[in-house]
Each structure stands twice: as C-alpha cells, then as structure tokens.
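Step one of this worksheet: look at the structure below.
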Amino acid sequence: MADADNLFKFQFEFITDYLADITEKLTKKIKLLAVRVLIEKSFSNEELDIITRYNFANLLIKETLLETTKIFNLYLKSYWEASKGIKECVQTELNDLETVSDYIQFNFDRLDDLKENVSNKIDLEQNHIFKVLTIVTVCISLPTFIAGIYGMNFKDIPELKLEHGYPIIIFVMLLSAVLPYLYFKRKKWLK
C-alpha cells in the first residue's frame, strides 16, 4: 500500500512542479521582454505580437491550473478511501498551485502594463509624425496660396507694375513659410 501511496504522491507533486516550471519559464521570458521594452527602450510593433503570444501562453497555463485545482479538490471531497498522507499531500499541492496562480496573475498584470507601455510609445511616435506633417503642411500651404493667386491671369495685379514686385512676392512667400516654422520651433513641436 505504501508503494501505491508514493506513486499517487509523485503524480500530484509532478503535476504541480510541472505547472510551476512552465510558469517560471514564461515569467523569465516576460521579464526579458520587460527589460527590453522598459529599460533598453527597444520596441516595435513586433513586441505587441510577442505580448499577445505570451498572454495566450499564460492563459493556457491558467486554464490548466484551474482544471488541475478542480481535480485535486474533487479528489479531496471524494469518498474514496485514501491514506491520510495522500490527502495531506494533495492539500499541500493545492497550496502550491495557489502560489503558482499568483505568479500567473502577476504575469497577466505585467503583460498588460507592457502592452499599454508599448502602445503609448507607438502613439507618441505617431503623434510626433502628425505634428511634423502638420508643420510641413502649414509651411507649404501659405506660399502655395500666394503662388496660386499670382498665377491667375488677371490684368490688374498692382504688384506686377512695381519695379521690385517679383522679388517682393518671392520674399513674402519665403517669409510665409519661415514664420510658421519658427513659431512651431518656439512652441517646441520640433526637436
């Protein structure tokens, strides 16, 4: 009977240790990803895919843990005659599974934080790109507007009769491009 008890204990302990080991391996991968994203600030859209993959793996571990916990609890509630040592072993393993569950929840929290961090950084980069596009649009649109007006075929454009009309208009066009640039530079939209 002692050999059968040891076999059952081994199986219960093996399952718990296996879940702890795969949770620990995933936790190490998540920590490495966190270091790369948060400390080294090296990230791309690929990190979001990695986070999703790790989240799914963590979810599978959590699902397995829940099913295992359910089976262990059913075993404890069963009317099957088992030695006191086996039931104590199962109770100990349930406590260990609870600790593993805490690590899994911590992994979910860390992955959520990483995903939010990467998304925020990508949003900041996109905002910078839109700022630059806005500045370029403003700097180009005013000179284009002036050129459009003087490109029309009207007979009565007073500046055409001035001796320095053409250079004045070129200067106004350049000024209308430079002033918005300087304004945005002063507002620190440009780095």
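The values are calculated or read from the model by the stated rules, or taken from the named source; none is laboratory data. In this text the structure is predicted, and so the values were computed from the model without any measurement. For neighbour counting, all protein chains shown are included, and Cβ atoms are generated from backbone atoms with ideal geometry for every residue, glycine included. What goes into the accessible areas is simple: the full protein's heavy atoms, side chains included, and nothing from ligands, DNA or RNA. Shrake-Rupley method; radii C 1.70, N 1.55, O 1.52, S 1.80 Å.
Among residues of segment 18-50 being at pLDDT 95 or above and acidic (Asp, Glu), the one that is nearest to Glu125 (Cα to Cα) is Glu24.
Each residue in segment 1-30 was checked for being in contact (Cβ under 8 Å) with a residue 40 or more places away in the chain and under 20 Å from Gln105 (Cα atoms), and 9 of them qualify. Among Leu175, Leu162, which is the only one that is hydrophobic (A, V, I, L, M, F, W, C), free of Cβ contacts under 8 Å to residues at least 24 places away in the same chain and open to solvent by 90 Å² or more (accessible area, probe 1.4 Å)? Just one listed residue meets the conditions, Leu162. Being at pLDDT below 85 and among the aliphatic types (A, V, I, L, M) holds for only one residue in Leu160, Leu175, and it is Leu160.
Within segment 54-78, work out how many residues are assigned to a helix (DSSP H, G or I) and either open to solvent by less than 30 Å² (accessible area, probe 1.4 Å) or modelled with pLDDT under 90 (or both). Spell out the reasoning first.
Filtering segment 54-78 down to residues assigned to a helix (DSSP H, G or I) leaves 54-77.
When the remaining residues are screened for being either open to solvent by less than 30 Å² (accessible area, probe 1.4 Å) or modelled with pLDDT under 90 (or both), the result is 58, 61, 65, 68, 72, 74-77.
Number satisfying all stated conditions: 9.
Scan segment 6-21 for residues that are more than 23 Å from Asn58 (Cα to Cα) and in contact with a helix residue (DSSP H, G or I) (Cβ under 6 Å, 6 or more places away or on another chain) and the total you get is 2. Residues considered: Ser101, Ser119. Of these, the only one that is assigned to a helix (DSSP H, G or I), in contact (Cβ under 8 Å) with a residue 60 or more places away in the chain and out of contact with any Gly (no Cβ under 8 Å at 6 or more places or on another chain) is Ser119. Cβ-Cβ contacts under 6 Å between residues 6 or more apart (or on different chains), taken from a first residue in segment 66-89 that is at negative phi to a second residue that is surrounded by 13 or more Cβ atoms within 10 Å (Cβ to Cβ) and among the acidic types (Asp, Glu), are listed as Ser83/Asp5; Gly85/Asp5; Ile86/Asp5. Among residues belonging to segment 11-53 that are open to solvent by 80 Å² or more (accessible area, probe 1.4 Å) and outside any helix (DSSP H, G or I), point out the one that is farthest from Glu116 (Cα to Cα). Taking the candidates together, the pick is Glu40. Of all residues in segment 142-159, exactly one satisfies the criterion of being under 48 Å from the mean Cα position of the chain (by Cα) and open to solvent by 90 Å² or more (accessible area, probe 1.4 Å), namely Phe145.
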